[in-house]
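What follows is a single structure, written as structure tokens, with notes after it.
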Amino acid sequence: MKNLLILGTSLFLLSGCSGNWGWYVVDPTTPSGFNNLKFMASGAIYTIQMSLTAIAISVVVGLLVALPGLSEKRGWRVFNRTYVEIVRAVPVLVLILWVYYGLPAITGITLGVFWAGVFALALSDSAFQAEIFRAGIQSIGRGQYEAAQSISLNYRDTMRYVILPQAIRRILPALGNQFVYMLKMSSLVSVIGMQELTRKANELVVAEYRPLEIYTILVLEYLVLILIVSAGVRWLERRLMGDEV
Amino acid sequence: MTTSQTETKPIISMENVSKHFGDFQALKNVNLDVALGERVVVCGPSGSGKSTLIRCINRLERHDAGRITVDGTELTNDAAMEKVRGSVGMVFQQFNLFPHLTILENLCLGPRRVLGLSPKDARDRALTYLERVQIRDQADKYPRQLSGGQQQRVAIARSLCMEPRILLFDEPTSALDPEMIAEVLEVMTELAGSGMTMIVVTHEMGFARRVADRMVFMDQGEIVEVGPAEEVFSAPKSKRFAQFINQILNH
Ligand SMILES: Nc1ncnc2c1ncn2[C@@H]1O[C@H](COP(=O)(O)OP(=O)(O)OP(=O)(O)O)[C@@H](O)[C@H]1O
Ligand SMILES: [Mg+2]
């Protein structure tokens, strides 16, 4: 509430300074304003596609990195720690630049803007996913493993049917947070030219010289996306928890 | 085939078994043979190694000295362990049901994934055993919707679904409210009557007297006394066991 007041006041002052608001640039009742809005919204598809693809990959990679972290063998745990510590230490923006400009130099493989962005986002997020999964799996008591062993389930089936279903219910809120985080981080991929929401807004600002109005719309765009994701996660939580009540 | 030999050969044999947790020795040179169909009750004070003893039998714990042979297989490595776990079931103090699965799913998981039964066969088998523990009408509920006594009976049925030759019980009634103990003991008594080989860690002396072929008394990692139930109860040889019985009966 306090933040909203501050935001409102600053907007009011800013509009006072610049003399008049320029909302016409994004006024849907005028043809040019409508076109501008359409231009801005057209980036949403890439923001969504990148985030969804990246989160899907990072969940899988995160799980694959988390499992060795739970091993009794020291070597596996060292692998887990090394991966998490290194990947977590690199800023997402740096990772994006490195993957896009650096990777081709080393490997000879040039990734398109989209896949470079997805790869960097997923890589960065996977370290956090690994930590979330590890904590979630560790929160399941020893008795569950012993019960699974006592009916002769092997490691894979124990994980698949007994441990992970319970762990995932517990970490769902954390996974939701990561998804929101991913949506926001995807804005950084604009620096390598991905035509997602932020890039579109930047291009429009250059053409129209109306940063305040255009970035305000950009904020709202992210807000809407994130509210949708939050609602989706809550729905999923209710669905998964429902059978436990 | 010489039947006399197969009958006398123990289904579980422990020779000089020791187990350490770090520096602490939880089992000290334990020797115990259990015959096919025999019902053994294990008792003893807290920390005496009762759980460790039976957990070594299905290798939830690894013994570090001596030999354990179960159903003809010596427990030496993981391959032996897998083989043995197929013939040994276990019932835990805390039930350890799978909370995210229904009762029926709890029972079907092992038969489906391990024994390779079809969904229908697994279901039929599960319902048969639920019937046997008198809880068939709860099949579609989740564990948390059941009372402790019902949950423990489900856990017994889950073990039975794997059709083990040996059932281990680790204080199956200790986590239960008094009014629910009887229903679980009743199921166990019925099982004992059916010829199942059972090793039961419990302080329910009434149950022990009724069903135990032999009593084992443990203290500080050792088997202090072992013998036919009536015999050891009426004439305990060791002082520690006499004291223990007194405490249990007078508490
Ligand atoms: N995983 C473990 N790590 C370290 N020490 C252990 C472990 N498990 C058991 N112990 C120790 O070994 C000893 C025997 O434990 P055990 O659980 O077998 O006793 P118990 O006879 O079953 O006791 P209770 O009646 O309390 O269940 C105890 O002193 C216990 O502290
Ligand atoms: Mg115990």
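Hey, if we sort A:TYR101, A:TYR181, B:TYR129 by accessible area with the 1.4 Å probe, largest down, what's the order?
Ranked list, largest accessible area first: A:TYR101, A:TYR181, B:TYR129.
Taking amide H positions as placed 1.01 Å from N in the peptide plane, with prolines and chain starts having none, which residues 5 or more places from B:VAL224, or on another chain, fall under 5 Å of its amide H?
B:PHE217, B:MET218, B:ASP219
Can you tell me the length gained on complete extension of the stretch B:ALA65 to B:GLN145, counting 0.36 nm per residue apart and subtracting the Cα distance?
Extending this stretch completely gives an extra 24.5 nm.
Return the percentage of antiparallel bridges among DSSP beta bridges fully within the protein assembly as shown, rounded to the nearest 5 %.
55
Can you find, among B:SER51, B:SER118, B:PRO143, the residue farthest towards the positive end of the dipole of the range B:33-177? Put +1 on the C-beta of Lys and Arg, -1 on that of Asp and Glu.
Going by the Cα projections, it comes out as B:SER118.
Starting with the highest mean, order A:74-84, B:184-194 by the number of other Cβ atoms within 10 Å, averaged over the residues of each peptide.
Highest to lowest by the protection proxy: B:184-194, A:74-84.
Calculated FRET efficiency, A:LEU240 and B:GLU190, Cβ-Cβ r, R0 25 Å, to nearest 0.05?
0.10
For B:GLU225, A:GLU72, give the ranking by accessible area with the largest first, probe 1.4 Å.
Per-residue accessible area, sorted high to low, gives A:GLU72, B:GLU225.
What quantity of accessible surface, computed with a 1.4 Å probe and excluding non-protein components, is buried in total between chains A and B, in Å² to the nearest 100?
The contact between B and A buries close to 2000 Å².
If you rank B:HIS203, B:HIS63 by how much accessible surface each has, with a 1.4 Å probe, what is the order from largest down?
Result of the area sort, largest leading: B:HIS203, B:HIS63.
Could you work out which residue, out of A:VAL113, A:VAL180, A:VAL94, moves most in a Gaussian network model of chain A, that is, has the largest mean-square fluctuation with Cα springs under 10 Å?
Answer for the Gaussian network model of chain A: A:VAL94.
What distance in nm lies between label points placed 7 Å from Cα along the C-beta direction at B:PHE24 and B:ASP213?
Rounded to a tenth, the inter-label distance reads 3.3 nm.
If the only charges are +1 at each Lys and Arg Cβ and -1 at each Asp and Glu Cβ, what is the size of the charge dipole of the range B:97-163 around the Cα centre, to the nearest 20 debye?
About 100 debye.
With each label point set 7 Å from Cα along the Cα-Cβ vector, what nm distance links A:ILE86 and A:ALA174?
The modelled label-to-label distance comes out at 2.3 nm.
Return the FRET efficiency for the residue pair B:ASP137, B:ALA235: r is the Cβ-Cβ distance, R0 is 45 Å, and the value is rounded to the nearest 0.05.
Once the sixth-power term is evaluated, E becomes 0.45.
Averaging sequence separations of C-alpha pairs under 8 Å and six or more residues apart, then dividing by the length of the range B:181-251, give the relative contact order as a whole percent.
With pairs under 8 Å counted, the relative contact order is 19 percent.
Return the single residue from B:GLY227, B:GLY89, B:GLY116 with maximal mean-square fluctuation; model: Gaussian network over chain B, springs between Cα atoms under 10 Å.
B:GLY116
Through the Karplus equation 6.51 cos²θ - 1.76 cosθ + 1.60, θ set to phi - 60°, convert the phi angles of the range B:154-168 into ³J(HN,Hα) values in whole Hz; use x for Gly and Pro.
For the range B:154-168, the Karplus-derived couplings read 4, 4, 5, 4, 4, 5, 5, 4, 8, 6, x, 8, 10, 10, 9 Hz, x marking Gly and Pro.
With every protein chain left in place and a probe of 1.4 Å, what is the accessible surface of A:LEU183, to the nearest 10 Å²?
Probe radius 1.4 Å; accessible area of A:LEU183 about 10 Å².
Relative contact order for the range B:97-163: what percent, with Cα pairs under 8 Å and sequence separation of 6 or more?
47
Collect residues whose amide H, placed 1.01 Å from N in the peptide plane, falls under 5 Å from the amide H of A:SER42; neighbours closer than 5 in sequence don't count.
Hits under the 5 Å cutoff: none.
Over all directions, the average projected area of the alpha-carbon convex hull for the protein assembly as shown comes to how many nm²?
Averaged projected hull area, Cα only: 34.2 nm².
What number comes out for the charge environment of A:VAL61, summing +1 per Lys or Arg and -1 per Asp or Glu over other residues with Cβ under 15 Å away?
0
Mind putting a number on the dipole of the protein assembly as shown about its Cα centre? Charges go on the C-beta only, +1 for Lys and Arg and -1 for Asp and Glu, and I need it in Debye to the nearest 20.
For the protein assembly as shown, the charge dipole is close to 760 debye.
Can you give the mean number of other chain Cβ atoms that lie within 10 Å of the Cβ atoms in peptide A:140-150?
Whole-number average of other-chain Cβ neighbours for A:140-150 is 6.
Express the accessible area of the protein assembly as shown per residue in Å², computed with a 1.4 Å probe while the remaining protein chains stay in the model.
In whole numbers, the protein assembly as shown has 49 Å² accessible per residue.
Once you've got the GNM for chain A with C-alpha springs shorter than 10 Å, pick whichever of A:THR107, A:THR158, A:THR53 has the biggest mean-square fluctuation.
Checking each option, the largest mean-square fluctuation is seen for A:THR107.
Average partner chain C-beta neighbours within 10 Å, per residue of B:99-108?
Whole-number average of other-chain Cβ neighbours for B:99-108 is 3.
What do you get for Rg/Rh over the range A:27-119 if you use C-alpha atoms and the Kirkwood form of Rh?
1.18
Could you work out what % of the accessible surface of the protein assembly as shown is carbon and sulfur, using a 1.4 angstrom probe and leaving DNA, RNA and ligands out of the count?
58
Over the Cα atoms of chain A, compute the convex hull volume and normalise it per residue, giving Å³.
175
Quantify how strongly other chains surround peptide B:85-91 by giving the mean number of their Cβ atoms within 10 Å of each of its Cβ atoms.
3
Given H placed 1.01 Å from N in the peptide plane, which residues other than close sequence neighbours of B:ILE12 have an amide H under 5 Å from its amide H?
Here the answer is B:VAL34, B:ASP71, since their amide H atoms fall under 5 Å of that of B:ILE12.
Tally Lys/Arg at +1 and Asp/Glu at -1 over every other residue whose Cβ is under 13 Å from the Cβ of B:ARG240; what's the total?
That works out to -1.
Any idea how far apart A:SER139 and B:GLU15 come out in nm if each label point goes 7 Å out from Cα toward Cβ?
Calculated label separation equals 4.9 nm.
The values are calculated or read from the model by the stated rules, or taken from the named source; none is laboratory data. The model shown is predicted, which means the values in this text are computed figures rather than measured ones. Note: ideal-geometry Cβ built from the backbone for every residue, glycine included; neighbour counts use all protein chains shown. What goes into the accessible areas is simple: the full protein's heavy atoms, side chains included, and nothing from ligands, DNA or RNA. Shrake-Rupley method; radii C 1.70, N 1.55, O 1.52, S 1.80 Å.
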